[in-house]
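Trainee: Next up is a structure, given as structure tokens.
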Amino acid sequence: MTLIKKRKCPECGGGMEAKLINLNYKKRDIEMEVEVIGIPANVCTRCFYRIIPGKVAKYIDALVDPIFESENRCIEKVLPSPHIGIQFPFINREVYADH
């Protein structure tokens, strides 16, 4: 599992804290939305700027991109575009945070 390392915020210089965040993914010209819940990230305690570790971001992209590609390939719309949720199991902060 990827550890979130302590660092300063690159935007405001504030302290960052390891947290689990949620993101909504949308693509231009595709009505579908994919919500990803429980992503480990560094979040600034002052300005709320978020940094997702590279390995985590690549993993999420590998999950989300094929979903959008399959929707984009549909020629005939039989149903409205779905809202898809991906939820990672809750993990205790001590598991992913570098103290």
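Trainee: If the limit is 23 Å between Cα atoms, which of K6/K55; K19/K58; K27/K58; K5/K27; K55/K77 go over it?
Mentor: The answer is K5/K27; K55/K77.
Trainee: Continuing with this model, one more query. For region 67-73, what does the Karplus curve 6.51 cos²θ - 1.76 cosθ + 1.60, with θ = phi - 60°, yield as ³J(HN,Hα) per residue in whole Hz, taken in order and with x for Gly and Pro?
Mentor: 5, 5, 4, 5, 5, 5, 6
Trainee: Might you report the magnitude of the Cβ-based charge dipole of the chain about its Cα centre, with Lys and Arg at +1 and Asp and Glu at -1, to the nearest 20 debye?
Mentor: 560 debye
Trainee: Further question: Among (1) 11.9, 32; (2) 16.1, 52; (3) 14.3, 52, which one is Rg and Dmax of the Cα atoms in Å computed from these coordinates?
Mentor: (2)
Trainee: Find out how many positive minus negative residues lie around N72, taking Lys and Arg as positive, Asp and Glu as negative, among other residues whose Cβ is under 9 Å from that of N72.
Mentor: -1
Trainee: Still on this structure, please answer the following. Once each part is reduced to its C-alpha centroid, what is the distance from region 39-55 to region 63-99 in angstrom?
Mentor: Here the answer is 19 Å between Cα centres.
Trainee: Among G14, F88, S70, which residue has its Cα furthest toward the positive end of the charge dipole of the chain, with +1 on Lys/Arg Cβ and -1 on Asp/Glu Cβ?
Mentor: Selected residue: G14.
Trainee: Pop out the ³J(HN,Hα) list for region 29-41 in order, Karplus 6.51 cos²θ - 1.76 cosθ + 1.60 with θ = phi - 60°, rounded to Hz; leave Gly and Pro as x.
Mentor: For region 29-41, the Karplus-derived couplings read 6, 10, 6, 5, 10, 10, 9, 10, 10, x, 8, x, 7 Hz, x marking Gly and Pro.
Readers should treat all values here as calculations from the given coordinates under stated rules, not as data from a laboratory. These figures come from a predicted structure and were not determined experimentally. All Cβ positions, even for glycine, are placed from backbone atoms using ideal geometry, and neighbour counts span all protein chains on display.
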